[in-house]
Amino acid sequence: MIQTPDIIITIGYVLAIVTIGLWGSRSGKKTVSSETYFLAGKTLRWPWIGLALFATNISCLHLVSLAQSGFDSGLLNGNFEWMAVLVLILLALFFVPFYIRSGVVTLPDFLEKRYNRACRDWLSLISILSAIVIHIAFSFLAGGIVLETLFGVNMYVSIILITVLTGLYTIIGGLKSVIVTESIQSIVLIAGAVIITFFAWNKAGGWDGMVHALEQTNASDKLSMVRPVGDPSGLSWLAVLVGYPFLGIWYWCADQTIVQRVLGAKDENHAKAGVLFCGFIKILPVFIFILPGLFAYALYHNNMIDLSSLPRTVVNGEEVLNTKGIYTLMIIQLLPSGLVGILVAALLSGLMSQIAGALNAIATLSSYDLYKRFKPAATDKQLVSVGRWSAVIALAISLLLLPLINQYESLFTGINDIIAHIAPPITCIFLLGIFWKRASAKAAQYTLWIGSALGVVAFTVNKIQPDTFTGKIPFMMMTFYLFVICMILQILLSYVFPVQHTEESKKLYWNSIWEPLQIKGWKGIGNYKVITGVLFLTMVVLYWCFR
């Protein structure tokens, strides 16, 4: 259990973040404009964009679930972090120019400009639901597990408390409050993760000590991120290569919760630099989130950490450890008092930042894409009010979903399993929309509807009948197959329903893949082409080292 000094540090941190969030919401005006509330007045510079993107992506869920995956399967799930870097490059080069130049407030707004209103409505609905389930409910669950273990407080009580505190500054302050607090929380989160990594590294005897433990247990493959085709994990090199891009493009390039930070950029150069800066930060999670779990595996097999308090479950007739709480046990057993409080603050940083980001996205979508459609003359005050109430309702719904999603053995697998069935049709219409001028509105509309229905059917059948042929398809490959179906469908339908471009949509696709690379950008090493080249080469070297 956590000690008094650590409780004081934790409470002090939470109160400080809430205070800073409320302070950041001050605008000097009695009435906050909708642009200021939802997009921070489009004044964000690249460092804040990069840090906020990272904070919104990395929640308490990631710290808990990536450590669990490190213990169970080694560095394998690091592919989700490093492949994301390549998708962030795509966001910076190909998507950002359209998002910034079109002046959209939401991504559904962009779809209406490129296609039609039906596409906007559907994406708004999907984006709100995914934000509630993926960004809020799963984060709540991970945070509840940690807080219950550390403080002995009922999981639901601790979640409700964090809900109230996070909702307070997010709902009142809007995106500016979210960005200010997320930037701080990114730094705290990274610092906390580095601390636990250092102590785990030291106790395990460094890299050599961990490697030795892996060799003794015939688990050296845990150090490999490139697995052969047919690997039991379902994450072979082929599955990652053909599956992740279509999952990742939805998450990083077409999900309002993530991209909203980019939409608030001061200009296109700051937006690109912020996205690429986040790409460099995304290199870190493999070493500071996943690696500690691998060190815990080595410590466990050397009898240097006690996991007896973890529950056991039966999988395929064999009793195995339920390792959801591995990160919490590492904090308690490896760190001295005082540092435990800092790590708890880091966990709360991840939890609060992702919830805050999702709430602001939900508020924006509800106001601009739903309410304003039926009341186009709505004032700024009305839009902000609707956004705030939408965030409150979203929090309530996410709390009700907790018992359902808690049925997943692995939180990380659970969240990606859901994304795999949501992403393909959305990724498809965005990709074809910006790269193929013949992609028509009707084709995109029907692809969204049919593709989403296929995803729901596949997900439902696979859960009810997991022993069927489709039930045995790894979720990453399922993403690929669903995407291929959606792409074929949209291409065929685009010939059945030929495109009829508007003056606006004519400006929202590239005439060639090289066209976006002709944009000049900043001079010197800050140029987006230079940064992209360095980032890409860095990833090639890292994958070669951990192949």
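The values are calculated or read from the model by the stated rules, or taken from the named source; none is laboratory data. Everything numeric here is computed off the predicted structure, so don't read it as measured data. Using ideal geometry, Cβ is built from the backbone for each residue, glycine included, and neighbour counts are taken over all protein chains shown. Protein only, heavy atoms only, side chains kept; ligands, DNA and RNA dropped before computing areas. Shrake-Rupley method; radii C 1.70, N 1.55, O 1.52, S 1.80 Å.
Taking a straight line from the alpha carbon of Lys381, these lysines sit under 27 Å away, with near neighbours fewer than eight places off in the same chain left out: Lys29, Lys30, Lys42, Lys113, Lys176, Lys266, Lys372. Treating only the Cβ atoms of Lys and Arg (+1) and Asp and Glu (-1) as charged, compute the dipole magnitude of the chain about its Cα centre; round to the nearest 20 debye. Computed about the Cα centre, the dipole is about 2080 debye. Shape of region 227-363 from its Cα gyration tensor (a ≥ b ≥ c, root eigenvalues): rounded if a/c is under 1.5, otherwise prolate when a/b > b/c, or oblate? The shape class here is oblate.
Looking only at Cα atoms, what is the convex hull volume of region 353-407 per residue, in Å³? Dividing the Cα hull volume of region 353-407 by its residues yields 78 Å³. Remark: relative contact order (the chain) = 29 percent; criterion is Cα-Cα distance under 8 angstrom and separation of 6 or more residues. Ranking Val461, Leu482, Tyr495 by Cα position along the charge dipole of region 403-528, where only Lys, Arg, Asp and Glu carry charges on their C-beta atoms, puts Tyr495 farthest toward the positive end. Computed with every protein chain present, the accessible area of Ile100 is close to 40 Å² [probe 1.4 Å]. Nearest 10 degrees, 0 to 90: what angle lies between the long axis of helix 175-204 and the longest principal axis of the chain (Cα atoms)? Helix 175-204 and the main axis of the chain meet at about 30 degrees. Straight-line reach from Lys442: taking Cα to Cα under 20 Å and skipping same-chain neighbours fewer than 8 places apart, the aspartates and glutamates in range are Asp109, Glu112, Asp121, Asp369, Glu503, Glu504.
Each residue was assigned an accessible area with a 1.4 Å probe, and for Thr217 the value is about 50 Å². Between Ala16 and Lys472, the FRET efficiency estimated from the beta carbon spacing at R0 = 60 angstrom works out to 0.75. Reported to the nearest whole Å, the Cα centre-to-centre distance from region 65-142 to region 460-521 is 15. Normalised Debye scattering of region 324-454 at q = 0.15, 0.16, 0.23 Å⁻¹ gives log10 I(q)/I(0) of -1.05, -1.12, -1.27, counting only Cα atoms as equal scatterers and leaving out solvent. Rounded to the nearest 10 degrees, the inclination of helix 528-545 to the longest alpha-carbon principal axis of the chain is 40 degrees.
Going by accessible surface with a 1.4 Å probe and the largest first, Tyr156, Tyr543 read Tyr156, Tyr543. Ordered by 1.4 Å accessible area with all protein chains kept, His212, His501 run largest first as His212, His501. Cross-link reach is defined here as a Cα-Cα straight distance under 26 Å, omitting same-chain residues fewer than 8 places apart; for Lys463 the lysines meeting it are Lys324, Lys472.
Considering only Tyr300, Ala444, Gln407, the residue lying farthest towards the positive end of the dipole of the chain is Ala444, judged by Cα position with unit charges set on Cβ. By the Cβ distance rule of under 4.7 Å, the chain has these cysteines without a partner: Cys60, Cys119, Cys253, Cys278, Cys545.
Using a cutoff of 8 angstrom between alpha carbon atoms and counting only pairs six or more residues apart, the relative contact order for region 407-547 works out to 32 percent.
Here the translational diffusion coefficient of region 38-133 follows from Stokes-Einstein with Rh set to the Kirkwood radius across Cα pairs; for 4 °C and 1.567 mPa s it amounts to 81 µm²/s.
Which percent of the accessible area of region 229-271 is formed by carbon and sulfur heavy atoms (probe 1.4 angstrom)? Within region 229-271, the accessible surface is 67 percent carbon and sulfur.
The percentage of C-alpha pairs in region 478-541 whose separation is greater than 14 Å is 77%. Take the Cα of Ile8, step 7 Å toward its Cβ, do the same at Arg117, and the gap between the two points is 6.1 nm.
The residues of the chain expose, per residue, 40 Å² of accessible area to a 1.4 Å probe. Accessible-area rank, largest first, for Leu400, Leu111, Leu90: Leu400, Leu90, Leu111, with all protein chains present and a 1.4 angstrom probe.
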